[in-house]
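So the structure is just underneath, and the comments pick up after that.
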Amino acid sequence: MGTAAAATLGKGEAAPARKAPAAPVSFATPTSTTNAFADFDPSSLEKVVALVGDRDETVVAAVRQILWNAGVKQIHAHTTLAPLAKIVSSGAPDLIIVGDDLDPNLFGIYP
């Protein structure tokens, strides 16, 4: 805005006041002891159940390795939806990472 904005102000006019930045968002501390992240420490990641799905085996292997290196040890990684759906039907995982093209009906966005 530089000079163009400054040129529209009359002599002696002050620039409009800037809005104060929004207050930072604060999140409540989890109180449930059944949540894997309630009392977080690095060993808590060993309790996390993660699902990884992508049609590209290289992507699946890379994401699996990243999660493993981060401390997640219960990783189910597949290149098709069926085995992931079976795992989800037996219990809710803590983390799901899937490619949007894993299956044509995954998100209901493909004809």
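Numbers below:
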| read-out | value |
| --- | --- |
| Ordering of 44-57, 90-103 by burial proxy (mean other Cβ atoms within 10 Å per residue, highest first) | 44-57, 90-103 |
| Relative contact order [Cα under 8 Å, 6+ residues apart], segment 38-78, whole percent | 52 percent |
| Phi-based couplings in Hz for segment 44-51 (Karplus 6.51, -1.76, 1.60; Gly and Pro marked x) | 4, 5, 5, 7, 6, 9, 10, 10 |
| Amide H contacts of Val49 (H built 1.01 Å from N, under 5 Å, at least 5 apart or other chain) | Asp94, Leu95 |
| Whole-number percent relative contact order across segment 46-111, with pairs defined as alpha carbons under 8 Å at least 6 apart | 43 percent |
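Rule-based calculations on the coordinates, nothing more; no lab input. Owing to the predicted nature of the structure, the values given are computational and were not obtained by experimental measurement. No Cβ is skipped: glycine too gets one built from the backbone with ideal geometry, and neighbour counts run over all protein chains shown.
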